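Single-structure report; data block below.
Taken together, the values in this text are just the output of simple stated rules run on the coordinates, not laboratory data. From a predicted model like this one, the values you see are computed outputs, not experimental measurements. So basically every Cβ, Gly included, is an ideal-geometry build from the backbone, and we count neighbours across all protein chains shown.
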Amino acid sequence: RHNPSLHVVREAQEPRSRPTEPTMSVLRRRRRGLRDRITAGNDAAVDRQHRLGKRTARERLEQLLDKGSFVEIDMYRRSASRSNLPKRPYTDGVVAGSGTIDGRRVFVYAQDFTIFGGSLGEAHASKIHKVMDLALSTGSPMIGLNDSGGARIQEGVMALHGYGGIFRRQVEASGVIPQLSVIMGPCAGGAAYSPALADFTFMVRETAKMYLTGPDVVEAVSGEHVTHEELGGADVHGSRSGVATLVYDDEETCIEDVRYLVSLLPSNNLDRAPRERECGATGDERPALADLVPVEPTQPYDMRDVVAEIVDDGDFFELHEQWARNVICALARIDGEVVGVVGNQPVEFAGVLDRMASQKAARFVRFCDAFNVPLVTLVDVPGFLPGTEQEHAGIIRHGAQLLYAYCEATVPRIQVIVRKAYGGAYIVMDSRSIGTDLSLAWPTNEIAVMGAEGAVNVLHRRELAEAVDADSRRAKLVAEYAEEYMHPHYAAERGLVDDVIDPAQTRSAVATGLAMLRDKRKRMAPRKHGNIPL
Ligand code: HXC
């Protein structure tokens, strides 16, 4: 009898024609040619790259990814345009694909300056689009290594179209997968919007440059003479514009830190950052903490020393280290769990909040919230910075961004009032009123509308103007005010502070709080999106 399945089996067993040996040898040669060479570009271009202290795209990926983990995509891709370009090298100036970092999947692209100056044409862009789509659909971090002359001039509007596709995908992926942008060469014109849209932007000194219009255009338009470095070098963006999150002396340490940062991040917004084993933080007393912070509210100290005592191994990854230094933003672990630490920094402008510090902290809080990273806020803040410069530059708007960011954060939130917390800045630094889950204060805390001196000057202005001995009267009133309103238990008596703790127990209390809040779930009312005051 006829049996159809037997028929299928028999057919499959019949000998088939295979690719011929010449075909396979061409394939092998071609793959070797592309992969084993460090670039598809010419040797002179590679030498020049090395002379400049830069490495090729493949050399960079070699360091970034776990050994042997790279799976290249679109290796054979090249420009379809035969007329505009002198030649059509494979890869089209970008190496793209996927690999692992400490065993965890990431998607990557690395622009190859040795081919058309790493400029972005249609094929180049579509390779980047492809890996971005895969990163999003697999829920994996996306890392871009940028080294490019920008839009490929010969490909005109198709190059611009390619950039638009990158920006749109970055925005769609924002808050879904972490995006890291590493600048290791030029990144000019509209191309600079890609790092600007990323969560973290790394730059390497001397070789990395980022600006919308280069020095020549600046000079032509305004007559201002400025060098590449002065206009858009790593230090400028790391300390003045705030565009660069992290700045390095060389590529190697930069890539090392990219790997380290990835180890602190979840792969996507449904995931949690990789936990390490608990290390006994609960019950871990740190007597040094009491000595680190002077009781006198105006005496400076370095909040980073406090952070180091609270987090595991004293190890934290500070972001925007050189920009808006009056606030600290760092990722670290407490009892093995990754947390985002925000802290006022009394060594810089007395830890006052200004518009840049507000913006820096707001963006960090939003990142942590989007990626399920609990927030620990260390408060020692005299207030917002007064003055026309700040007011006219929009401190109200920027301060509101920080307020907004905290108010909408649904991750576990712990506030520690280390010393003073005055006025609006007290509210903004994750106070009970805007939704902190656990507020802890040291026994010397001063929480008030303003410092005692300022308060007395407002409340008793007339009396002091008429007093015979105004100074001694003022001192008496200040003491009375402090006694009445600024005593450390005032906020705790009213439930605004959950516990007043021994400074030495801060690490332990925060670790206990994090464990308590680990399963926190909070949903905001459904909406398309909020309207953060940008
Ligand atoms: C095509 C480019 C290119 C580009 C560089 N090359 N940029 N090819 N399109 N945009 C080529 C060069 O012709 C050269 O080719 C090789 O890359 C290396 O460039 P050099 O100039 O020799 O290198 P260097 O001296 O290091 O200078 C690098 C540079 C400079 C500063 C980036 O090349 C430059 O200014 N390029 C143009 C930058 C620019 O204006 N881009 C457009 C920006 S507007 P050969 O064959 O000689 O080796 C933009 C809009 C995006 O990007 C909008 C998105 C919304």
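Taking the DSSP bridge list for region 161-274 and keeping only pairs wholly inside it, about 10 percent are antiparallel.
Scalar couplings 3J(HN,Hα) for region 497-505, obtained by applying the Karplus form with A = 6.51, B = -1.76, C = 1.60 to θ = phi - 60°, are 10, 7, 7, 9, 10, 5, x, 4, 9 Hz; x denotes Gly and Pro. Counting only Cβ charges, +1 for Lys and Arg and -1 for Asp and Glu, the dipole size of the chain around its Cα centre is about 3540 debye.
What shape does the chain take by its C-alpha gyration tensor, where a ≥ b ≥ c are the square roots of the eigenvalues and a/c under 1.5 counts as rounded, a/b above b/c as prolate, and the rest as oblate? Judged from the Cα gyration tensor, the chain comes out prolate (a/c at least 1.5, a/b above b/c). Using C-alpha pairs under 8 Å with a sequence gap of at least 6, the mean separation divided by the residue count of region 221-333 gives a relative contact order of 26 percent. If you take the square roots of the eigenvalues of the alpha-carbon gyration tensor of region 230-307 and sort them as a ≥ b ≥ c, do you get rounded (a/c under 1.5), prolate (a/b over b/c) or oblate? Oblate, because a/c is 1.5 or more while a/b does not exceed b/c. The magnitude of the dipole of region 40-106, with charges of +1 and -1 set on the Cβ of Lys/Arg and Asp/Glu and taken from the Cα centre, is near 240 debye. Taking the centroid of alpha carbons for each part, region 440-482 and region 41-116 are 65 Å apart. Given in Å, the Rg to one decimal and the Dmax to the nearest whole number for the Cα atoms of region 42-263 are 16.4, 52.
The H on the amide N of ASN344, modeled in the peptide plane, is under 5 Å from the matching H of ILE328, LEU378, ASP380, each at least 5 residues off or on a different chain.
Summary of packing: across the peptides 321-333, 473-485, 423-435, the per-residue average of other C-beta atoms within 10 Å ranks them, highest first, as 321-333, 423-435, 473-485. For region 151-187 versus region 514-534, the spacing of their alpha-carbon centroids is 29 Å. The packing ranking, built from the mean of other Cβ atoms within 10 Å per residue, places the peptides 361-371, 156-166 in the order 361-371, 156-166, highest first. For the set LYS130/LYS520; LYS87/LYS130; LYS67/LYS360; LYS67/LYS520; LYS360/LYS476; LYS420/LYS528, the pairs lying more than 29 angstrom apart at their alpha carbons are LYS130/LYS520; LYS67/LYS360; LYS67/LYS520; LYS360/LYS476; LYS420/LYS528.
Look at the Cα gyration tensor of region 334-398: its axes a ≥ b ≥ c give a/c of at least 1.5 with a/b at or below b/c, and that counts as oblate.
Between VAL339 and ALA332, ARG333, ILE334, the built amide H atoms are under 5 Å apart, and every one of these is 5 or more places off in sequence or on another chain. Each Cα pair under 8 Å and six or more residues apart adds its sequence gap; the mean of these over the residue count of region 42-263 is a relative contact order of 16 percent. Relative contact order for the chain: what percent, with Cα pairs under 8 Å and sequence separation of 6 or more? So the answer I get is 9 percent.
3J(HN,Hα) couplings calculated from phi for region 317-322 with the Karplus curve 6.51 cos²θ - 1.76 cosθ + 1.60 (θ = phi - 60°) are, in sequence order, 9, 7, 10, 6, 4, 9 Hz; Gly and Pro show x.
Which percent, to the nearest 5, of DSSP beta bridges fully inside the chain are antiparallel? Once the DSSP bridges in the chain are tallied, antiparallel ones form about 35 percent.
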